[in-house]
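The values are calculated or read from the model by the stated rules, or taken from the named source; none is laboratory data. Note that the structure is predicted; figures quoted are calculated from it, not measured. Glycine also receives a Cβ, built like all others from the backbone with ideal geometry; neighbour counts cover every protein chain displayed. For the accessible areas, the whole protein counts, side chains as well, though only heavy atoms, and no ligand, DNA or RNA atoms are used. Shrake-Rupley method; radii C 1.70, N 1.55, O 1.52, S 1.80 Å.
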Amino acid sequence: DGLEAVVRFGSNLSGIPGLVHGGVTAAVCDELFGWASQMCVPSGERGIFFTAHLQVDYRAPVPSGTTVVIRVKPSSLNGRKLKMTARMETEDGKLLVEASTLFIRATRTQEYTLRLKYLWTALVAWWAGSR
(Lines give C-alpha, C1' and ligand atoms only; values in the text may rest on other atoms or scores of the structure.)
Protein backbone atom coordinates (compact mmCIF):
# COMPACT_ATOMS: atom_id res chain seq x y z
CA ASP A 1 0.00 0.00 0.00
CA GLY A 2 2.88 2.35 0.75
CA LEU A 3 6.19 2.88 2.46
CA GLU A 4 6.91 4.67 5.73
CA ALA A 5 10.37 5.80 6.81
CA VAL A 6 11.67 7.52 9.91
CA VAL A 7 14.58 9.84 9.14
CA ARG A 8 16.72 11.92 11.46
CA PHE A 9 18.43 14.90 9.86
CA GLY A 10 21.78 15.77 11.39
CA SER A 11 23.11 19.25 12.02
CA ASN A 12 25.65 19.05 9.18
CA LEU A 13 22.92 19.12 6.48
CA SER A 14 22.11 22.80 6.85
CA GLY A 15 21.84 25.41 4.16
CA ILE A 16 20.88 28.20 6.53
CA PRO A 17 22.28 27.43 9.99
CA GLY A 18 19.75 25.44 11.99
CA LEU A 19 17.64 24.39 8.97
CA VAL A 20 18.00 21.35 6.72
CA HIS A 21 18.90 22.31 3.14
CA GLY A 22 15.93 21.93 0.79
CA GLY A 23 18.02 19.90 -1.64
CA VAL A 24 18.62 17.33 1.08
CA THR A 25 14.91 16.93 1.77
CA ALA A 26 14.27 16.62 -1.98
CA ALA A 27 17.00 13.98 -2.32
CA VAL A 28 15.58 11.99 0.60
CA CYS A 29 12.11 12.06 -0.97
CA ASP A 30 13.53 10.95 -4.32
CA GLU A 31 15.46 8.10 -2.68
CA LEU A 32 12.35 6.89 -0.86
CA PHE A 33 10.36 7.08 -4.11
CA GLY A 34 13.01 4.77 -5.55
CA TRP A 35 12.60 2.29 -2.70
CA ALA A 36 8.82 2.43 -3.06
CA SER A 37 9.12 1.71 -6.78
CA GLN A 38 10.59 -1.66 -5.83
CA MET A 39 8.66 -2.46 -2.67
CA CYS A 40 5.15 -1.22 -3.47
CA VAL A 41 4.77 -2.22 -7.11
CA PRO A 42 3.42 -5.68 -8.01
CA SER A 43 6.31 -8.07 -8.59
CA GLY A 44 5.49 -8.52 -12.28
CA GLU A 45 5.74 -4.75 -12.84
CA ARG A 46 9.05 -4.17 -11.05
CA GLY A 47 12.17 -3.12 -12.88
CA ILE A 48 14.60 -0.25 -13.09
CA PHE A 49 12.80 3.08 -12.72
CA PHE A 50 14.12 6.56 -13.43
CA THR A 51 12.86 9.85 -12.03
CA ALA A 52 11.26 11.79 -14.88
CA HIS A 53 9.69 14.52 -12.75
CA LEU A 54 10.03 15.46 -9.09
CA GLN A 55 7.98 18.20 -7.46
CA VAL A 56 8.69 19.23 -3.89
CA ASP A 57 6.46 21.69 -2.04
CA TYR A 58 8.01 23.03 1.16
CA ARG A 59 5.28 23.72 3.72
CA ALA A 60 7.50 24.57 6.70
CA PRO A 61 11.25 24.72 7.41
CA VAL A 62 12.85 21.48 8.60
CA PRO A 63 15.01 22.22 11.67
CA SER A 64 18.37 20.46 11.88
CA GLY A 65 18.37 17.55 14.29
CA THR A 66 14.70 16.83 13.56
CA THR A 67 13.29 13.33 13.27
CA VAL A 68 10.62 13.11 10.59
CA VAL A 69 8.21 10.50 9.27
CA ILE A 70 7.92 10.22 5.50
CA ARG A 71 5.02 8.33 3.96
CA VAL A 72 5.20 7.38 0.28
CA LYS A 73 2.20 6.08 -1.63
CA PRO A 74 2.00 4.93 -5.23
CA SER A 75 -0.98 6.65 -6.83
CA SER A 76 -1.01 5.05 -10.28
CA LEU A 77 0.86 2.64 -12.51
CA ASN A 78 0.01 3.03 -16.16
CA GLY A 79 2.21 1.04 -18.52
CA ARG A 80 5.76 2.16 -17.73
CA LYS A 81 4.64 5.33 -15.87
CA LEU A 82 4.51 5.23 -12.07
CA LYS A 83 3.16 8.19 -10.12
CA MET A 84 3.69 8.53 -6.37
CA THR A 85 3.14 11.05 -3.60
CA ALA A 86 4.93 11.65 -0.30
CA ARG A 87 4.37 13.58 2.91
CA MET A 88 7.11 14.52 5.35
CA GLU A 89 5.85 15.29 8.85
CA THR A 90 7.28 15.82 12.29
CA GLU A 91 6.73 13.01 14.78
CA ASP A 92 3.74 14.92 16.16
CA GLY A 93 2.16 15.31 12.70
CA LYS A 94 3.16 18.81 11.54
CA LEU A 95 3.37 18.87 7.73
CA LEU A 96 6.82 19.93 6.47
CA VAL A 97 7.04 18.75 2.85
CA GLU A 98 4.73 17.35 0.20
CA ALA A 99 6.22 15.75 -2.89
CA SER A 100 5.07 14.01 -6.03
CA THR A 101 6.93 12.21 -8.76
CA LEU A 102 6.65 10.53 -12.11
CA PHE A 103 8.93 7.53 -12.55
CA ILE A 104 9.44 5.80 -15.88
CA ARG A 105 10.34 2.11 -15.96
CA ALA A 106 13.19 1.24 -18.31
CA THR A 107 12.31 -0.94 -21.26
CA ARG A 108 13.38 -4.56 -20.89
CA THR A 109 16.21 -3.96 -23.39
CA GLN A 110 17.44 -0.92 -21.42
CA GLU A 111 17.19 -2.89 -18.19
CA TYR A 112 19.19 -5.84 -19.53
CA THR A 113 21.84 -3.45 -20.91
CA LEU A 114 22.16 -1.66 -17.55
CA ARG A 115 22.37 -4.93 -15.62
CA LEU A 116 25.00 -6.25 -18.02
CA LYS A 117 27.10 -3.08 -17.59
CA TYR A 118 26.81 -3.42 -13.81
CA LEU A 119 27.88 -7.07 -13.90
CA TRP A 120 30.76 -6.29 -16.26
CA THR A 121 31.98 -3.47 -13.99
CA ALA A 122 31.78 -5.74 -10.93
CA LEU A 123 33.66 -8.51 -12.76
CA VAL A 124 36.43 -6.16 -13.89
CA ALA A 125 36.78 -4.74 -10.36
CA TRP A 126 36.93 -8.24 -8.88
CA TRP A 127 39.49 -9.35 -11.47
CA ALA A 128 41.66 -6.25 -10.92
CA GLY A 129 41.55 -6.75 -7.15
CA SER A 130 42.50 -10.41 -7.36
CA ARG A 131 45.74 -9.84 -9.27
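Tabulated results
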read-out: Failed condition for residue 56, given (1) outside any helix (DSSP H, G or I); (2) out of contact with any Cys (no Cβ under 7 Å at 6 or more places or on another chain); (3) closer than 17 Å to residue 99 by Cα; value: (2)
read-out: Meets criteria (under 16 Å from residue 3 (Cα atoms) and in a strand (DSSP E or B)) for residue 69; value: yes
read-out: Only listed residue being open to solvent by 30 Å² or more (accessible area, probe 1.4 Å) and aromatic (Phe, Trp, Tyr), chosen from 33, 50; value: 50
read-out: Given (1) within 29 Å of residue 115 (Cβ to Cβ); (2) in contact with a Gly (Cβ under 9 Å, 6 or more places away or on another chain); (3) open to solvent by less than 80 Å² (accessible area, probe 1.4 Å), index of the condition residue 65 fails; value: (1)
read-out: Residue list for segment 77-103, restricted to those being in contact with a strand residue (DSSP E or B) (Cβ under 7 Å, 6 or more places away or on another chain), under 30 Å from residue 60 (Cβ atoms) and either open to solvent by 50 Å² or more (accessible area, probe 1.4 Å) or assigned to a helix (DSSP H, G or I) (or both); value: 83, 85, 87, 91, 98
read-out: Residue satisfying all of: in segment 104-131; of a type in the set (Lys, Arg) and out of contact with any helix residue (DSSP H, G or I) (no Cβ under 8 Å at 6 or more places or on another chain); most open to solvent (accessible area, probe 1.4 Å) among these; value: 131
read-out: Enumeration of residues in segment 107-124 that are over 23 Å from the mean Cα position of the chain (by Cα) and polar (S, T, N, Q); value: 109, 121
read-out: Scope segment 1-30; condition under 12 Å from the mean Cα position of the chain (by Cα) and surrounded by 15 or more Cβ atoms within 10 Å (Cβ to Cβ); matching residues; value: 3, 5, 24, 25, 26, 28, 29, 30
